[in-house]
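Have a look at the structure below, then the notes.
What follows draws every value from the coordinates through simple rules; no lab data is involved. Source: prediction; values computed, not measured. All Cβ positions, even for glycine, are placed from backbone atoms using ideal geometry, and neighbour counts span all protein chains on display.
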Amino acid sequence: MDQNPFKEQSSIQNAFTAKRLGSSSLFLKNSFIKSATYEGMFDKGVPNRKLTDHHVTLAKGGVGLTSISYGAVSADARTFEDQMYINKDSLNALKNLVREVHVAGGKVSMQLTHCGYFSKNKKAKKILAPSKLFNAYGFLSGLGFSKAMDEKDLNKVIEDFVRSAVALKAIGFDALEIHMGHGYLLSQFLSPLTNKRKDAFGGSIDNRSRFPLEVVKKVISAVGPEFPILVKLNLEDGLKGGFSLEDCIDVSKKLENLGCSAIVLSGGFTSKSPFYMMRGQIPLKGMIENGSSWTEKITMSLFGPLIIKKYAFKPNFFLHQALKVRQATKIDLVYIGGVDSREGILDILSAGFNFVALARPLIHDPDFLNKIREGRIEKSLCNRCNQCIVEMDREGIKCVLDSA
Ligand SMILES: Cc1cc2nc3c(=O)[nH]c(=O)nc-3n(C[C@H](O)[C@H](O)[C@H](O)COP(=O)(O)O)c2cc1C
């Protein structure tokens, strides 16, 4: 135990001082970022009032940057047909959200995403992926196989990322996060499990990263070097033969050279190892209830316990792997994964990470950071029941436990 509680209190106060995000022009009021968590707060693809209130509450709770989840870069980039995508209607609603977060004293980022073949979107014209793949997630919805992307598809997706980024910057977003992890399209290119290409976009890590890096390069060139672009990248897929820590270090160095502002280090592949990124309980009952059809519910009931692997939670569960990236790079790194206490925060910052991202502790108690800053709490009371995952597919993400 620390012999001098005042010393520890003063170092936690350092985490609450202003900090520049990489070499961008953005200063955050502290070292804390709300990690993107799918909110499910949209009506027919348009963000609703709940989404604004959710992020305003987080900003008031003291987080430096709040991230909106899953801004699909086109209608076909959506995992489900009623998800938000970046178009005129959603931009109108988001403009107001940005203004209100600023009034609340926060900054706001959007996670830019393309689902690739992780799709149940029956309205999608094409289910795209690096290769022709069996879509286990969407086959019960009649979306059995993906199309291997040709040059036209690659260029169109780059255009969609660029157009979305430029539009979001124009309505006042403070930063953008390109999703290159968790088994979405760009991560499908990075992973040898889903990228079977024989051309310049498959094989070695240089080739597998070519398309995702081209997306980042074109986005940075369109929004300018001062505007913060974060990239969410897997440390590992958490699967045998998947994207490895060695690959992650390689890609991190390349992102540093491209002028990306920061890397958010995570892990897991939503369609294959979803709980690798979160750890803790699997809320199977609620996940079955949320199934979109009877066939899906029955399949989940029969095979769910066999196919969804459980990972035990421990505080700062990605630290061991993330440290390897810290040692190999100079770029600003955002640590995410199991930070749930004052001590955990100090461990991350003293290990050389520039920012600390949190998800479930802030879903449980949006005021968690204010309480840490004021010395009113030591540790989050989130128990990783992960019912918030069930709630996001019902009426919007929330914690089902009694509030702190
Ligand atoms: C309900 C829920 C939804 C999530 N949705 C997303 C998402 O849309 N995008 C993303 O990058 N990560 C998502 N995540 C992962 C979190 O951002 C984070 O990486 C993970 O929960 C570990 O952080 P924590 O231990 O602070 O919760 C989600 C996590 C939860 C619990």
Please identify the GluC sites (Glu not before Pro) of the range 183-280 that satisfy two criteria: DSSP loop assignment and at most 13 other Cβ atoms within 10 Å. Which are they? Glu226
Restricting to aspartates and glutamates and to Cα separations under 14 Å from Lys379, and discarding same-chain partners fewer than 8 apart, the set is Asp340, Glu343, Asp347, Asp365, Asp367
The residues His320, His102, sorted from fewest to most surrounding Cβ atoms within 10 Å, come out as His320, His102
Under the Kirkwood approximation applied to all pairs of distinct alpha-carbon atoms, what is the hydrodynamic radius of the chain in Å? 21.2
Using a Gaussian network model of the chain whose springs link C-alpha atoms within less than 10 Å, name the residue from Ser164, Ser187, Ser350 with the highest mean-square fluctuation. Ser350
Using the alpha-carbon atoms, what tilt in degrees (0 to 90, nearest 10) does helix 319-328 show relative to the longest principal axis of the chain? 90
Among Ala104, Leu128, Ala36, pick out the residue whose Cα is farthest towards the positive end of the charge dipole of the range 5-392, where Lys and Arg carry +1 and Asp and Glu carry -1 on C-beta, about the Cα centre. Leu128
What does the extension gain come out to for Ser23 and Leu91, with contour length at 0.36 nm per residue minus their alpha carbon separation? 21.8 nm
Hey, got the dipole for the range 5-392? About the Cα centre, +1 on K and R Cβ, -1 on D and E Cβ, debye to the nearest 20? 280
Do any trypsin sites (Lys or Arg not before Pro) in the range 220-264 lie in a DSSP loop with no more than 13 other beta carbon atoms within 10 Å, and if so, which? Lys240
Quick one: if you stick a label point 7 Å off each Cα along the C-beta vector at Thr295 and Asp82, how many nm between them? 2.1
Roughly what would the spin-label model give for Thr57 and Lys123, points 7 Å off Cα along C-beta, in nm? 2.8
Taking Cα pairs closer than 8 Å and at least 6 residues apart, the relative contact order of the chain in percent is 16
Full extension between Glu343 and Asn48 adds, at 0.36 nm per residue less the Cα distance, a length in nm of 102.6 nm
With the contact rule set at Cα under 8 Å and sequence spacing of 6 or more, what percent relative contact order holds for the range 54-175? 27
Mind sorting Met277, Met180 by how few other Cβ atoms lie within 10 Å of their own Cβ, fewest first? Met277, Met180
Got a sec? How would Glu151, Glu177 order by Cβ neighbour count within 10 Å, fewest to most? Glu151, Glu177
Span from the the range 43-118 Cα centroid across to the the range 162-232 one, whole angstrom: 19
Over 19 Å (Cα to Cα) among Lys88/Lys398; Lys107/Lys169; Lys253/Lys330; Lys126/Lys147; Lys29/Lys218 -> Lys88/Lys398; Lys29/Lys218
Estimated inter-spin distance, Gln327 and Ile171, nm [label 7 Å along Cα→Cβ]: 4.4
Tail weight of P(r) past 14 Å, computed on alpha-carbon pairs of the range 299-343, percent: 64
